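Report on the following structure.
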Amino acid sequence: MPGRLSAVSLDNAQQEKLSLHVVKGFRLDYKQQVSAVKAGGIVYVDLESMSRAMRLFNKQEGSELKIAYENGGQTSVCRIGEGNNFVSFAPEKFLAGGRVIQLRSAPVLQKGKFWLPAVDAARLFSLWMDREVVYDRAKRRIEAFLWSSRPGSRKKMIGLVGNQKNFGAKPQDKRQTVITGMEVKKLTNGAVIRLRASGAKTAASFIKPDAQGTASLTLQSAEGNPADIFRTFKSGIVKQIRAIPLGSGAMQISIVLNTRYYKIKSSGYTWDPETNSYVVSFLNDIDVQEVYRTEKQKQITRELAKDLQKWKFDTIVLDAGHGGKDPGAIGPSGTREKDIVLKIVRDLGAIIEREWPDVKVVYTRKDDRFIPLKQRGKIANRNGGKLFVSIHCNAAKNRSARGAEVYILGPHKNEAALRVAMLENEAIKQEEDYKEKYKGFSEEHMIMSSLAQNAFTLQSKEVARHVLEGMEKKTKINGRGVRQAGFMVLWTPSMPSVLVEAGYLSNRQEEKMLLRRQVQIRIAQGIFNGLKQYRMSYERQRVASGSGERLKG
Ligand SMILES: [Zn+2]
């Protein structure tokens, strides 16, 4: 229902509690309340408050709100207009070369704030920043999965937020010290933190890093928004900076350093009269490993960005779970997972080959053989796969558990998801000298693969949603929803990937169903219908956003 909401009045809206959780890598980085209201059963979020919570610079100009996002040294500006369904994303200085997307509802400007349904706001930020931002209605929260370091970025947005505070603000009392912004400059052999201030100079005392790597600068009489003076870093000597207001009107800036990777050689504090800045600096011995790792991450991120651009629906990799000496789950009457999933995969492959002659189908196995988990992703990458679909059947101690599930890679959202991932990862132990081989699944490998998957999470989620829908329509199996879990088989492929659990073999009824050829074919057809829906919406999006050439077929 495009456009209708511009007529909505938020006059009688109720205040709504809504928090924004920023997740970086697999961990919660910080959370913050954002301003929200509820009207007619819909939760609206104040876009300015949301962008501030995401540490993005924003500026209101009449009936337009501009939000800036810095990524890889480039600033992209998102322009949101009152009552306008179309939002543009463009590089800072050029209007051309940007993208335009259509919102399902137009932003409402009320009491000087731009309001948008939380679900649409999440989608908007997702599309714009190419990061996963989701609205969880039940938990009253927006989750933003941001990879922390914004690779390539040097200038920090925090400084701009500071400027914004002065924008249209009442003149400050000349004598009061107000921290208006923060800049963090990373050097190969250290870091410089610059806190810009307005007002008079205040006395400050610096405490050098302790054994745990925490240093602090205490400003005797200063103010500032703690949210503006907060940053965490995934790499480099500085791990976290935050401001702690002390009761006496003083403010403490606490700085946590990464002493695991860096040996701190010296640290110091100075006040810069020219810019009225409080400057803290740290010097360390150069850690070659760390420099290398950061560089590699940057490089991978660049490569991935390119991959996403030229993503085409031309090669689908089908992965029948287990095989050979690994039977997978075994049903009460002895049905083996590896046999059922092979049949479904072959049915699915046949349908794709028949319906989409322009799509190449790659099988990780076409017969009953054992293939190590890591190998499966490698096969997919080597063959230029553009979509990875792994098919399994589930099992649970609780014999009444039933239903199909579709997973994507991600942090385990709940116990049950973790349990399923553990079960499937067990297959590794069937491999010879698995300990030796999976040593590669070290921290570094996980960073790389999750980085790779991160870029495809949005697509994977969409694929998963469509596939589940397709299966629901085609089979009697109850869809239990799209879930996230850390499946090892999904770690290696550098492409959107989903894992389908077609049903529970441990459930006597479902075992019987899954054995029937008709049901197997229906499941395959259901998955295919899902892929078809996904392909269609993907093509529409590409055309609508003008970001790519029209796809064939
Ligand atoms: Zn399995």
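For the reader, a short list of remarks on this structure follows.
- Amide H to amide H, with H built 1.01 Å from N, Ile253 comes under 5 Å of Leu217, Thr218, Leu219, Ile244, counting only residues 5 or more places away or on other chains.
- Seen from Pro107, the other residues with C-beta closer than 12 Å to its C-beta sum to a net charge of -2, counting Lys and Arg as +1 and Asp and Glu as -1.
- A Förster distance of 25 Å, applied to the separation of the beta-carbon atoms of Ala350 and Gln375, puts the FRET efficiency at 0.60.
- For Ala13, the amide hydrogen comes within under 5 Å of no other amide hydrogen, counting only partners 5 or more places away or on other chains and with H modelled in the peptide plane.
- HN-Hα J in Hz across the stretch 185-200 - Karplus 6.51, -1.76, 1.60, θ = phi - 60°, x for Gly and Pro: 10, 8, 10, 4, 10, x, 8, 10, 10, 10, 9, 7, 9, 10, x, 6
- Subtracting the Cα-Cα distance of Asp358 and Ser19 from 0.36 nm times their residue separation leaves 117.5 nm of extension gain.
- For Arg369, residues with placed amide H under 5 Å, excluding near neighbours: Gly324
- Phi-derived couplings, Karplus 6.51 cos²θ - 1.76 cosθ + 1.60 at θ = phi - 60°, listed residue by residue for the stretch 335-348: 5, 9, 3, 4, 6, 4, 5, 5, 5, 4, 4, 5, 4, 4 Hz, with x used for Gly and Pro.
- Overall form of the stretch 4-145 per C-alpha gyration tensor (a/c, 1.5; a/b vs b/c): oblate
- Gained length - Ser63 relative to Ser254, 0.36 nm times residue gap less alpha-carbon distance: 64.9 nm
- Across the stretch 249-263, rounded Karplus estimates of 3J(HN,Hα) from the backbone phi angles (6.51 cos²θ - 1.76 cosθ + 1.60, θ = phi - 60°) give x, 8, 9, 10, 9, 9, 10, 9, 9, 8, 8, 6, 9, 10, 9 Hz, Gly and Pro being marked x.
- Residue-span extension gain [Thr214 to Lys31] - 0.36 nm each, minus C-alpha spacing: 63.7 nm
- Each part reduced to its alpha carbon centroid, the stretch 10-45 and the stretch 344-401 end up 39 Å apart.
- Nearest-0.05 FRET efficiency for Arg137 and Thr270, computed from C-beta distance (R0 30 Å): 0.05
We did not get these values from a lab; they are worked out from the coordinates using the rules stated. Source: prediction; values computed, not measured. Every residue, glycine as well, gets a Cβ built from its backbone with ideal geometry; the counts of neighbours run over all protein chains shown.
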